[in-house]
Amino acid sequence: MKNFPELVSVILPVRNGERFLAAAIQSVLAQDYDPLEILVIDGNSTDRTAEIARSFPQVTFLTQPGRGVPDSYNFGVAQAKGEWVAFLESDDTWTPDKLRVQMDYMRARPELLFTMTHAKLFVEPGCQLPPGYRAEWTQESQIGSVLIETRIIG
């Protein structure tokens, strides 16, 4: 049986995410699970992304050496110190119990190496659905974020 609590590294890739980044980071800081490491991986933003991320002392701000979201995730995983890695998009937020619920689930099932959550998609009032999105996706539960034990990815 594993000893808990184990460090969870949150990988948060972003490029020009000043509009939603603070809310995403705050949702991680509001978690009722500890210990956490928050790695914001910047894809060479030209807006206030760096300033916003650096305004949170709990955040480690890194500029990715490669390009694109997959490179930012890979770079973040390589920098992570946690036994577990959780991924969060810069325009998403978590419920305050997200990590605790996932870690409790993993504690009860030590044979598992990862879990996934459900997600609720929404569109801000007055905005249109992005191209390729379907209206029914905002009414149904979708596949959400993943929590992975680092020994299977590193």
Show the residue pairs meeting these rules: Cβ distance below 8 Å; 6+ apart or different chains; first residue within the range 23-52 and part of a strand (DSSP E or B) and at pLDDT below 95; second residue exposed (fewer than 13 other Cβ atoms within 10 Å of the Cβ) and not basic (Lys, Arg). Leu36/Gln58
Only unsatisfied item for Leu112, checking (1) more than 13 Å from the chain's Cα centre (by Cα); (2) of a type in the set (A, V, I, L, M); (3) modelled with pLDDT of 95 or more, is (3)
I need the full set of residues from the range 55-93 which are over 20 Å from Glu18 (Cα atoms), open to solvent by 70 Å² or more (accessible area, probe 1.4 Å) and touching a residue at least 40 places away in the same chain (Cβ under 8 Å), in order please. Ala78, Gln79, Lys81, Glu83
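The values are calculated or read from the model by the stated rules, or taken from the named source; none is laboratory data. Model, not experiment: these values are computed from the prediction. Cβ: placed from backbone, ideal geometry, glycine included. Neighbour counts: every protein chain shown. What goes into the accessible areas is simple: the full protein's heavy atoms, side chains included, and nothing from ligands, DNA or RNA. Shrake-Rupley method; radii C 1.70, N 1.55, O 1.52, S 1.80 Å.
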